[in-house]
Each structure stands twice: as structure tokens, then as C-alpha cells.
Number of protein chains: 2
Amino acid sequence: MSTAESTFSKGLEGVVAAQTEMSFINGTEGVLEYVGIAIGDLASKSSFEETVFLLWNKRLPTAAELEAFNAELREDYTMTDALKERIKACPVDAEPMHVIRTMISSMAMDDPSPNENSVEVARHKALNILATAPAIVAAFDRHRRGLDIVDPDPSLSFAANFLYMLNGEKPTDAMVRAFDICMITHADHGLNNSTFAARVVISTLSDMYSAITAAVGSLRGPLHGGANEGVMKMLNQISDVDSVESHVMNMIANKERIMGFGHRVYKAKDPRAAELMTLAKQLAEDTGNMDLYNKSHAIELVMEREYAAKGIYPNVDFYSATTYHCIGLKLDLFTPMFVLARIAGWAGHVIEQLGDNRLYRPTTDYVGQHAVPYVAIKDR
Amino acid sequence: MSTAESTFSKGLEGVVAAQTEMSFINGTEGVLEYVGIAIGDLASKSSFEETVFLLWNKRLPTAAELEAFNAELREDYTMTDALKERIKACPVDAEPMHVIRTMISSMAMDDPSPNENSVEVARHKALNILATAPAIVAAFDRHRRGLDIVDPDPSLSFAANFLYMLNGEKPTDAMVRAFDICMITHADHGLNNSTFAARVVISTLSDMYSAITAAVGSLRGPLHGGANEGVMKMLNQISDVDSVESHVMNMIANKERIMGFGHRVYKAKDPRAAELMTLAKQLAEDTGNMDLYNKSHAIELVMEREYAAKGIYPNVDFYSATTYHCIGLKLDLFTPMFVLARIAGWAGHVIEQLGDNRLYRPTTDYVGQHAVPYVAIKDR
């Protein structure tokens, strides 16, 4: 159904598919702003909760507003009994991303009015999903380890509460801060694939659960959120820092993809990677993982030497791998961490879309035959 | 991140977002072809199973191929015990669309290799989802009615097996044929929103389950698959055929939307509606529902008189409402019927996308402020 004027831009590259006031990216200069505020400022000065308020309200909260926001979020930490039972019924060998997608989808079944889409109601549903998702991840991980589910602690921040529910003990301040910064830096990033999927789905005026569920499904793909697992796998293949040079040069010679380098958007350094590098180093020191950090840094130096002129730098996935490992996360919980943070962005884009909606309904180039006769089966 | 050359086409209207060999739509002339074959020919001469083969293989099957396809499909009719238990654990007052989305998502947890994406494996996964979805719908409907789940009968066609599992008795031939035609006519329809959502999600190389789950979430929106429920609600509000004229004219005077008329794509008659009208009339006669058919037809005549010059005709949702009612479906199972049929289209587009993939990653127009300072909370 194409017209003479229409052009097929594969992957919609360069096509503007939404207007937003949430994040601004200048890949050439390595700039990322949330509502105009530089990501570096937010990572060093803000909290994840405040960042979510910023993204959803397009301004920083007053002290009273932040207190009210935190109070509602913490009230929502607790899962329904039905949801807990569903998690316990999940096969212990299921991939966490499939579990999370299914469990977030299932939350609609416990909501007495899941389809309400006024911006105000959508915001409450989003806050509930944001508050519950860490409990889902932690509960499933404990379920598969044969441990009892740890109930949330509403006296704790989003970051601290997750680490507490996961490990059953209060995390150190450094771990909480590190995890909080990971959440801040992953909260939103323009019209990435999962965010776009959420906007596409909500544009039928379906519901917040359907939109976030779609986004989780998108994020698990290796061309999107799955990438930080690839970094960790590569790091695990390299025995020590002295082997980095030969390992990486071999990969380059064999034209293998070095995970965690290059980004479709950033041609300059990924501004989120700088924050994470600092963080990863500190955590590695604190947790006795300097071997891992040193390997990562050595890879970066080799890549910089080989490719910097071509604009290939570590992306946000590269140092998040080291960071998450140091926090004590298993490999298949890396992408779920991306979910926890990005729910903020997904929900914010859904709210923007609901505020000025138009159904996404692009067209196709039909490249097949026309007027084909239906031949009876005996004559085929 | 827009450039001077990029333009924002709201809803991506007129933007070509994929190439396909599956369906061709000419809205102006009211043409719909699957792989070049007119929808009218398929509706009158083909079966849903053959149509699915056509869409997935871009040609009609030989007799032997169709037999093999049917054999695999029928083997997959049976749900896993885990899936059955999950359905029985769903709240009986949940909306079926939320249940279906969640249960299809959950199927990934029972698949030992859910993430395999070779075209051949993706096709098997698609066939399994297609074969299992009717069992999910029927089982949940019986669960909420307090009835035992009816196991599938692999001696029956897709259409007959669904009606058997739903009602616990063998359907009449007319019901099977009618339902089969509904499935054929709803199997694919270009890059509608749910199909687009499936392509967007699979483009991260996630997995078939994530893609189909996203599509179900999209379809439930009132601007998409939810529309045929609206038609039935309107029909229920009109007491009898004699009240149609005044009811519709009142709605027009009050600028209320008449559900089931007009379509973003079709400016001429929706070619699928003609098939369904014939079908609906026959079924209404067979099942003692001529009152309902007569009301529908009277609405069409009023609308034709008032609007035909402006190109407003009944769309596919209009007569599917009467049809589904006559088959004995409750209102909230109307959109699920759309799911059963459209899985064919969704999966076919996913397979096309996997065959020539590129990540969907459009851009945004950032319309907010820049270089906003982070003001400390005490100073706000």
C-alpha cells in the first residue's frame, strides 16, 4: 500500500515517531538530558525516585511532593497474595525475563479496573508496576534458589528495598548508591525499541499493563537489553587481565563482535558509561572484584587504541556488567535490572502518548504478486 | 534528536515500516488479497488451516503438505498441565484478553528453548501458539463458568475443535464453516497496530512469545480489536428493528460515534464485511437470531443513506458482532476470537521480520528545555 512518495526506511531509522519532553540525546556530542537536566548531574545529585518524578512530571519535585511520591511508592511495594502464588508456581528453570513479562501481564488480572487510561489513573498504575517489579524479580530469584520470599521493607528506598528482598539482608550504603545510580542512568533513553513498543501498544488505548508487558518482551532481545549479558559472558571467557590483549585482538581478527562497544545512537562516548565506569571501579574495590574491573578497563584501552578514530567507545552495557556482578547479581538478572529502571521511561512515554494520542498505523510495501487464482488442491 | 529533514508523521501515517508478501490492501477500491489471492476466494473455497499455510509459506500447500501441517497443528492442540493449572488459578472475574496475554506469555516458561529464532524453529513455536490459544480461551471461559475443562479433539479442525472445547459438544457444520470463515477473514491485514507491535518487538531478536504477547496487548485496545464489542453493545441498546431509525439518527444528531462504520484504511466497502454479512444472515436464521441480524442490516441501510456519499461503510467489526453472537460467544470473547485468527498474521509477520531483520529504532522530536540546572531540593 505504498505510494509513489513513500519511502521504506528499514528499522524506521531517522523517522521521527513521537514528540517527547523526557529525554534528549545528542549522540555526536555524547549528551543525555532528562527534562533538560544533564544525566551526570542527576547521577551524582539525585535519587531514582526523584528522577522518576522528574520524568513523569517534567520538573523536579518539592520536598513535600517527593515525600508524597515516596509514600505512595512504598505502599505499593507489597505484592498481592495471588501474585506471590503465581511466582511460586513458575518453573524454577524459567528465564527471569519470561517470568517478569508474564507476572507484570498478570497484574492486570488483580486490578479491579485495569483498563482505565486517564493520565492520573495511568500514573497510579505505573507507580504500582514500578513498585512491584523489584518484588517480582527478588521473589522469583529466591523461589528458584529454594528460599522463602522476603517481604519488602517500606522504610527503605527503591534501591535498598530491592537489594534487601533479593539477599535477605540490608545492603551496604555503597551498594545502594551504586544500584541507585544504575537505575537513574537506565531510566529513559529516547525512543529505544522497548519504549517505542510501549507507545505503539498504548496507542490503541489498551492499558498500562499491556504496554509495559510489550516493552519487557522487547527488552529481552539480544539487540536491546540482552546486550549486557553478552559483556559478562565475554569477561568470563578471559582468564585474567594479561590475556585481554591477545583475546580481544583475536576476536577482532576473527571479525567477532566485541560486546559493549559501539551504539546505534552514540558516536561519541556514551555519557552514561562514564558514570558507570567510576561506579564500577569503586564497587569492585569494595567487593574484592578488582580482577574483573581490571579486565574491563584493559578491554576498553585495547578498543580505544584500535577503534577510537572510528568512534567506537564502550556503551552503557559495558560497565553495567561489572557493576551488577559486584552487587551480587547472577547473569540472568542483568537484563531484569534494566527492566526495573526502564519502567520509569516506558510508563512516562505511555503517559505522554495518552496525553496526545494517535493510533500508530504505518503502512507496508507489498512486494508480492497480485490477482493470483485460487487453484483447487487436486490441481496443485 | 530530529534533523532538519525529518518530519513527524503522527501515528506514522503514510510511513512505510515494513515490506511484506502476505496481505495487500487497496482501501480505495476495497481490495484485500492474501499472497495475491482475493479474500473472497479464500473465504468461500479455502480453510483457515490452508490460509495459515499460505500466509506463512507464500503459496498454497499440496494435499500432502496440508495433511502434514494439520497433523502438527492437531498434535499441538493439547495444553501442558502447567498451563492448565495456571488458567485455573486465574481470577474468574478477569477480562479474557488479560488472561490470554498472560497465558501466551507464560508458554515461554514451559518451552525448554523459548529464545530460538531460526525461521524454522519460529514457525514451530508459532504453530504451537496458534494451536494452543483456542484451548486457553475455552478453558478460561469454562473455568469462570465453574465447568470442567474440555480436552481438545485432534480429529477436529481448528474451528470445530475450538467450538467443541468451548461448549463441550460438537458444533453444527454451519457453525464450524461460519467460524472458519471468520478466522480466514481476520487472519491478516497489513501493518495494523498489533502486527506492527509484533514486528517491533521481534526486531530486537527477542522471541516469538514476546512478540505475540505484545500483539495481544495491542489488540485489546478500543481503537483496534476492541471495536467489535462496541458494535454488540450498541445493538443491545436498540430494543427492536423499528427503533433503529430513530436510535441511529439520534446518535448522529448527538455526534456520537456509530461503532462498526468507517475504517482508517477502507474508503470503499471493506471487502471482508461482504463475506461476513452473508454469513451472519445464514447463521442468524439457523440459530433463531434474525432480530439481531435485522437490526444490524437496518443500521447499515440508515448509515448508507446518510453517509455513503462520504465513503462510510460497515467495516469488518460490524457483522462479526452478529456472527459471534450467533455462534454463542459472550461479549468479552469477541476480541479473543480476533486473537485466534490474527495469530496467523502476527506470526507470519514475525517470520518475515526474522528473515530480513533490522532493529526498529525511530527517533523523537525533543520538545522540552535544554541545559536545565539541577536545583537542590531546599531551593525549589
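The values are calculated or read from the model by the stated rules, or taken from the named source; none is laboratory data. If you're wondering where the values come from, they're calculated on a predicted model, not measured in any experiment. Positions of Cβ are backbone-derived with ideal geometry, glycine not excepted, and every protein chain shown enters the neighbour counts. Surface accessibility is based on the protein's heavy atoms, side chains included, excluding ligands, DNA and RNA. Shrake-Rupley method; radii C 1.70, N 1.55, O 1.52, S 1.80 Å.
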Counting only residues that are in contact (Cβ under 8 Å) with a residue 40 or more places away in the chain and charged (D, E, K, R), which one in the range B:117-127 is nearest to the other protein chains (Cβ to nearest Cβ)?
B:K125
Which numbered condition trips up A:G368, out of (1) open to solvent by less than 40 Å² (accessible area, probe 1.4 Å); (2) in contact (Cβ under 8 Å) with a residue 40 or more places away in the chain; (3) at the interface with chain B (Cβ under 10 Å from one of its Cβ atoms)?
(2)
Qualifying positions in the range B:203-218 - at the interface with chain A (Cβ under 8 Å from one of its Cβ atoms) and either part of a helix (DSSP H, G or I) or surrounded by fewer than 24 Cβ atoms within 10 Å (Cβ to Cβ) (or both)
B:L205, B:Y209, B:S210, B:A211, B:T213, B:A214, B:V216, B:G217, B:S218
Do any residues in the range A:16-27 that are facing chain B (nearest Cβ under 7 Å) and acidic (D, E) have Cβ atoms under 8 Å from those of residues that are assigned to a strand (DSSP E or B) and open to solvent by 10 Å² or more (accessible area, probe 1.4 Å), where the two are at least six apart or on different chains, and which pairs are they?
A:E21/B:Y366
In the range A:33-52, what residues are of a type outside the set (D, E, K, R) and more than 11 Å from every other protein chain (Cβ to nearest Cβ)?
A:F48, A:V52
Can you tell me which condition A:S155 does not meet? The list is (1) among the polar types (S, T, N, Q); (2) open to solvent by less than 10 Å² (accessible area, probe 1.4 Å); (3) more than 12 Å from chain B (Cβ to nearest Cβ), and all the others hold.
(2)
I'm checking my understanding of the structure. Among residues of the range A:23-40 that are among the β-branched types (V, I, T) and modelled with pLDDT under 90, which one is surrounded by the most Cβ atoms within 10 Å (Cβ to Cβ)?
A:V31
Can A:I181 be described as in contact with a helix residue (DSSP H, G or I) (Cβ under 6 Å, 6 or more places away or on another chain) and within 14 Å of chain B (Cβ to nearest Cβ)?
no
So, in the range B:63-102, how many residues would count as being farther than 19 Å from B:V216 by Cβ, open to solvent by less than 50 Å² (accessible area, probe 1.4 Å) and at the interface with chain A (Cβ under 10 Å from one of its Cβ atoms)?
2
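Which of the residues spanning the range A:250-273 are open to solvent by 60 Å² or more (accessible area, probe 1.4 Å) and either within 22 Å of A:N192 (Cα to Cα) or among the hydrophobic types (A, V, I, L, M, F, W, C) (or both)?
If the condition is that a residue be open to solvent by 60 Å² or more (accessible area, probe 1.4 Å) and either within 22 Å of A:N192 (Cα to Cα) or among the hydrophobic types (A, V, I, L, M, F, W, C) (or both), then A:A253, A:R257, A:R264, A:K267, A:K269 are the ones that fit.
Just to be sure, is A:I258 touching a residue at least 40 places away in the same chain (Cβ under 8 Å), of a type in the set (V, I, T) and assigned to a helix (DSSP H, G or I)?
Working: touching a residue at least 40 places away in the same chain (Cβ under 8 Å): yes; of a type in the set (V, I, T): yes; assigned to a helix (DSSP H, G or I): no.
Judged against the criteria, A:I258 is not a match.
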In the range A:259-306, residues that are within 23 Å of the chain's Cα centre (by Cα) and over 19 Å from A:Y324 (Cβ atoms) total 8
Evaluate the range B:233-243: report whether one residue or more is away from every other protein chain (no Cβ under 14 Å), in a helix (DSSP H, G or I) and buried (at least 20 other Cβ atoms within 10 Å of the Cβ).
yes
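Tell me, please, whether a residue that is of a type in the set (A, V, I, L, M), assigned to a helix (DSSP H, G or I) and without any contact (Cβ under 8 Å) to a residue 60 or more places away in the chain can be found in the range B:141-155. Before the answer, list the steps.
At the first step, the residues of the range B:141-155 found to be of a type in the set (A, V, I, L, M) are B:147, B:149-150.
When the remaining residues are screened for being assigned to a helix (DSSP H, G or I), the result is none.
Within the range B:141-155, none of the residues are of a type in the set (A, V, I, L, M), assigned to a helix (DSSP H, G or I) and without any contact (Cβ under 8 Å) to a residue 60 or more places away in the chain.
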Given the conditions (1) in contact (Cβ under 8 Å) with a residue 12 or more places away in the chain; (2) in a helix (DSSP H, G or I); (3) aliphatic (A, V, I, L, M), and given that B:L359 satisfies all but one, which numbered condition is not satisfied?
(2)
In the set B:T323, B:T278, which member is touching a residue at least 60 places away in the same chain (Cβ under 8 Å) and in a helix (DSSP H, G or I)?
B:T323
Any idea which of B:A122, B:A131, B:A43 is touching a Lys or Arg at 6+ places or on another chain (Cβ under 9 Å), at pLDDT 95 or above and either surrounded by 19 or more Cβ atoms within 10 Å (Cβ to Cβ) or in a loop (DSSP other than H, G, I, E, B) (or both)?
B:A131
Which is of a type outside the set (S, T, N, Q) and open to solvent by 10 Å² or more (accessible area, probe 1.4 Å), of A:G190, A:G225, A:G221, A:G230?
A:G230
Selection count, the range A:327-348, where residues are within 25 Å of A:E50 (Cα to Cα), over 14 Å from the mean Cα position of the chain (by Cα) and assigned to a helix (DSSP H, G or I):
1
Assess whether A:P373 counts as being more than 30 Å from A:A284 (Cα to Cα), open to solvent by less than 20 Å² (accessible area, probe 1.4 Å) and not small (G, A, S).
no
Checking B:M337 against (1) modelled with pLDDT of 95 or more; (2) within 9 Å of chain A (Cβ to nearest Cβ), which test does it fail?
(2)
Which condition from (1) modelled with pLDDT under 85; (2) crowded, with 24+ Cβ neighbours inside 10 Å is the one that B:R342 breaks?
(1)
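Restricting to the range B:99-113, name every residue that is farther than 13 Å from B:I212 by Cα and in contact (Cβ under 8 Å) with a residue 24 or more places away in the chain.
B:V99, B:M109, B:D110, B:D111
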For the range A:183-202, give me each residue that is part of a helix (DSSP H, G or I) and either in contact with a Lys or Arg (Cβ under 8 Å, 6 or more places away or on another chain) or small (G, A, S) (or both).
A:T185, A:N193, A:S194, A:T195, A:F196, A:A197, A:A198
With more than 13 Å from chain B (Cβ to nearest Cβ), modelled with pLDDT of 90 or more and open to solvent by 20 Å² or more (accessible area, probe 1.4 Å) as the only criterion, which of A:D356, A:D291, A:D286 stands out?
A:D291
Output the number of residues of the range A:192-237 satisfying the condition of being among the hydrophobic types (A, V, I, L, M, F, W, C) and either modelled with pLDDT under 95 or over 16 Å from the mean Cα position of the chain (by Cα) (or both).
11
